[in-house]
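The values are calculated or read from the model by the stated rules, or taken from the named source; none is laboratory data. Small disclaimer: the values here were computed from a predicted structure and weren't measured. Here the Cβ positions follow ideal geometry from the backbone for every residue, glycine too, while neighbour counts run over all protein chains shown.
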Amino acid sequence: MSEFSTKGYLDMELLRFTTAGSVDDGKSTLIGRLLYDSKSIFEDQLEAVKRASIRRGNEHIDLALVTDGLRAEREQGITIDVAYRYFATPKRKFIIADTPGHIQYTRNMVTGASTANAAIILIDARNGVTEQTSRHSYIASLLQIPHVIICINKMDLVEYKKEVFEDIKRKYSDFSKNLKLREITFVPISALYGDNVVEPSANMPWYTGGTLLHVLENIEIGHDHNISDHRFPVQYVIRPMSDEFHDYRGYGGRVAGGVFREGDRVTVLPSMISSKIKSIDIYNGKLSEAYPPMSVTFTLEDDIDISRGDMLVKEDNLPQITQDIEVMMCWMNEKPLQINGKYALKHTTRDVRCIIQEVKYKVNVNTLEHITDDKTVKLNDIACVKMRTTKPLFVDPYEVNRRTGSLIIIDEATNNTVGVGMVTSNDLFNGK
Amino acid sequence: MKNKYSLTHLEELEYESIYVMREVAAQFERPVLLFSGGKDSIVMTHLAVKAFWPGKMPFPLLHIDTGHNFEETMIYRDNLVKKLGVQLIVGSVQESIDTGRVVEETGVTASRNILQTTTLLDTIEKYKFDAAMGGGRRDEEKARAKERFFSHRDEFGQWDPKNQRPELWNIFNGRKNIGEHFRVFPISNWTEMDVWQYILKEQIELPEIYFTHQREVFNRDGVWMAKAPFMMLKENEFYETRMVRCRTIGDVSCTGLTLSTANSLEEIIQEIAATRITERGGRADDMRSEAAMEDRKKEGYF
């Protein structure tokens, strides 16, 4: 049997990671190298890249062209949006959210980071920790990406020296103390020549850690979801009204936190009525327990009125039920955030409206300083914002639960998503 | 090594797709599931059954029929619809041609592939569908790699790749103005391999042409095409009988066949694991230019 034996494949895990770096950091080259060396590029794709490389007058096959997406980008030679790439090794399946690293594209980095288990941040070995490193790291911290891998790239241009690697590692570790990064791994690489990307480097015998691919294959991802606080946002009520399932009333949704078991006593928000889980249904069967991010259907012992936007929780472990919310907001639109402006708001499966009350400060993503003298929140700005909603939301701090701690803001005139927010842990209990 | 509360990648992908489909049913008034008879739309239909069980899927299937179908696909489609008891709506490209909405391509490489866009948009408008779910996957093609799960279309059905709505976490914004609609891609994150593995895991029945069979074919620019009354041969092309199967199914005029003896799902999976050509490498429609897919998508293609 080949390495993709059918049994082995059925047992693989999924790792989603994001890559941040500018064109000059060799990010596209790194992804191209990762795909190429792990044999994930097909012949016809490689042929297309070869043709394009020759047309541009490049001497070597430009692996960066592998990840080039839309026509506009090919013309400008830069990546302008989030593109998703897929590859698999015998151990894991990977989804890459490939985002550009320019300052004006903070919104794309934030987008890519929102679903990632891991982030690769590239540092040019010649330049060390820069403003850009700071920006990428801040976003990884803000979006609470559980694992961060610092790739110190272009080691070939610093003669593969250990001191360069160690020096950057030390400086980064100092700098990152101000952030809330949970796990950091350092790998010295040359994306151009493939050192320590998939294969160990013969040029850096002093490095005894794993290659980048080895790190990606072995990161522990089982703990990335919250399995202690029970949260089940009701997404869709299933009522077959058929002869066979005449009185069936099931609550479809995706578990956002905690492990729910058959027989568990649950409380419905906002009504605060309690009942017991009668069954956890999936197609043609039942489960004894459900945990994130499973999509299941609950039936309850009692006939109570529950609809989309309600949340099933445990009585002794409630989320914050509040109309006053403070978030770290990333602004995604050309039209600035309007103080006292009203917006539509989506949080889990709940739709409400909100009014923006106050901008407490903006964050300079290059220096991490708080800005309080300019409170105009423009495209790509990140700010601490207070708002009030028309109806209560059931929220947790984002760092406790990425699903119940995140929300989006929509301009009601254009229907466009204009801002995204992460609930802070401050002020939640003051309620004002 | 695995944590007690972890999932396999196929489970995680399935749960994600079910979540997206339920979100469509909740956020839209008249959703529809695009069904081509290909493996991706078959998997989509299977996921829809699972998402709403024990209820029925709350939307009909829509087949955009070029009239140039493999017979096996049509038999499969009709059986499936009967088995599930769902409504099937057919948008006919032939009808679009007959009523003068589109003009048929001529010449030996003529294909009705591009004409489908008009028929699709007309059908969406006629039935006032506000969300059309498709089996597009981001791994298929470069332009698709940037597609959102919820992809907004203006009143002309057009896609603007530079002005897509931000899509974060799993919060989907399906708000729109009257006359606009959404394309939704619940299996965005699946790869070709994932689809085949899932078909094996779930033991999903497929049209017979996915497995090896004897067929009269001809070779055009390195791609094997099926003999059919509406396919014309160029000079130097000739029919021969080969053992082939489909890796992907579009209509006959743009579906390349693979020389293969794979007779079971396990054999197909082994074959794909060993292949070094992408599945759309056999699609004549994508070879027209480097940005062929992007151009078609902007106009409202699947």
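Against the condition at pLDDT 65 or above and either at the interface with chain B (Cβ under 8 Å from one of its Cβ atoms) or assigned to a loop (DSSP other than H, G, I, E, B) (or both), how does residue A:57 come out, does it pass? It is true that residue A:57 is at pLDDT 65 or above and either at the interface with chain B (Cβ under 8 Å from one of its Cβ atoms) or assigned to a loop (DSSP other than H, G, I, E, B) (or both). Quick check on residue B:133: is it of a type in the set (A, V, I, L, M, F, W, C), crowded, with 22+ Cβ neighbours inside 10 Å and either touching a helix residue (DSSP H, G or I) at 6+ places or on another chain (Cβ under 9 Å) or within 11 Å of another protein chain (Cβ to nearest Cβ) (or both)? Judged against the criteria, residue B:133 is a match. Being outside the structural domain of residue A:17 (by TED's automatic domain parsing), without any contact (Cβ under 8 Å) to a residue 24 or more places away in the chain and out of contact with any helix residue (DSSP H, G or I) (no Cβ under 6 Å at 6 or more places or on another chain): is that true of residue A:240 here? The answer is yes for residue A:240.
The rows are residues; the columns are (1) part of a helix (DSSP H, G or I); (2) more than 9 Å from chain A (Cβ to nearest Cβ); (3) aliphatic (A, V, I, L, M); (4) touching a residue at least 24 places away in the same chain (Cβ under 8 Å).
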residue: B:12; (1), (2), (3), (4): yes, no, no, no
residue: B:16; (1), (2), (3), (4): yes, no, no, yes
residue: B:20; (1), (2), (3), (4): yes, yes, yes, yes
residue: B:26; (1), (2), (3), (4): yes, no, yes, no
residue: B:29; (1), (2), (3), (4): no, yes, no, yes
residue: B:33; (1), (2), (3), (4): no, yes, yes, yes
residue: B:37; (1), (2), (3), (4): no, yes, no, yes
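Is it true that some residue in the stretch B:80-101 is touching a residue at least 40 places away in the same chain (Cβ under 8 Å), over 30 Å from residue A:347 (Cα atoms), more than 14 Å from chain A (Cβ to nearest Cβ) and not hydroxyl-bearing (Ser, Thr, Tyr)? Within the stretch B:80-101, one or more residues are touching a residue at least 40 places away in the same chain (Cβ under 8 Å), over 30 Å from residue A:347 (Cα atoms), more than 14 Å from chain A (Cβ to nearest Cβ) and not hydroxyl-bearing (Ser, Thr, Tyr). Pairing residues of the stretch A:248-259 that are within 8 Å of chain B (Cβ to nearest Cβ) and free of Cβ contacts under 8 Å to residues at least 24 places away in the same chain with residues that are in a loop (DSSP other than H, G, I, E, B) and small (Gly, Ala, Ser), at Cβ distances under 8 Å and at least 6 apart in sequence or on separate chains, gives no pairs at all.
Right, residue A:343: out of contact with any helix residue (DSSP H, G or I) (no Cβ under 6 Å at 6 or more places or on another chain), of a type in the set (Ser, Thr, Tyr) and within 14 Å of chain B (Cβ to nearest Cβ) or not? Yes: the conditions hold for residue A:343.
Would you say residue B:125 is more than 18 Å from the chain's Cα centre (by Cα) and assigned to a loop (DSSP other than H, G, I, E, B)? Spell out how you get there, then give the answer.
Values: more than 18 Å from the chain's Cα centre (by Cα): yes; assigned to a loop (DSSP other than H, G, I, E, B): no.
No; evaluated as a whole, the condition is false for this residue.
Take residue A:170 and tell me if it is closer than 27 Å to residue A:205 by Cβ and not polar (S, T, N, Q). Judged against the criteria, residue A:170 is a match.
Given the criterion closer than 29 Å to residue B:233 by Cα, surrounded by fewer than 19 Cβ atoms within 10 Å (Cβ to Cβ) and not basic (Lys, Arg), identify the matching residue among B:91, B:67, B:85. Break it down stepwise before answering.
Details: B:91 fails: surrounded by fewer than 19 Cβ atoms within 10 Å (Cβ to Cβ); B:85 fails: closer than 29 Å to residue B:233 by Cα.
Unique residue meeting the criteria: B:67.
Pairing each residue of the stretch B:43-67 that is within 7 Å of another protein chain (Cβ to nearest Cβ) with any residue that is acidic (Asp, Glu) and assigned to a loop (DSSP other than H, G, I, E, B), provided the two are 6+ apart or on different chains, yields C-beta distances under 8 Å for B:54/A:244.
Restricting the first member to the stretch A:96-112 and to residues that are in the same structural domain as residue A:366 (by TED's automatic domain parsing) and of a type in the set (S, T, N, Q), and the second to residues that are at pLDDT 75 or above and in a helix (DSSP H, G or I), no beta-carbon pair is closer than 8 Å while six or more apart or on different chains. With respect to the conditions (1) at pLDDT 85 or above; (2) within 30 Å of residue A:328 (Cα to Cα); (3) surrounded by 23 or more Cβ atoms within 10 Å (Cβ to Cβ); (4) within 12 Å of chain B (Cβ to nearest Cβ), residue A:120 falls short on a single one, namely (4). Every test in (1) more than 19 Å from residue B:63 (Cβ to Cβ); (2) within 14 Å of chain A (Cβ to nearest Cβ) is passed by residue B:186 save one, and that test is (1).
Of the residues making up the stretch B:113-159, just one is basic (Lys, Arg) and at positive phi, namely B:128.
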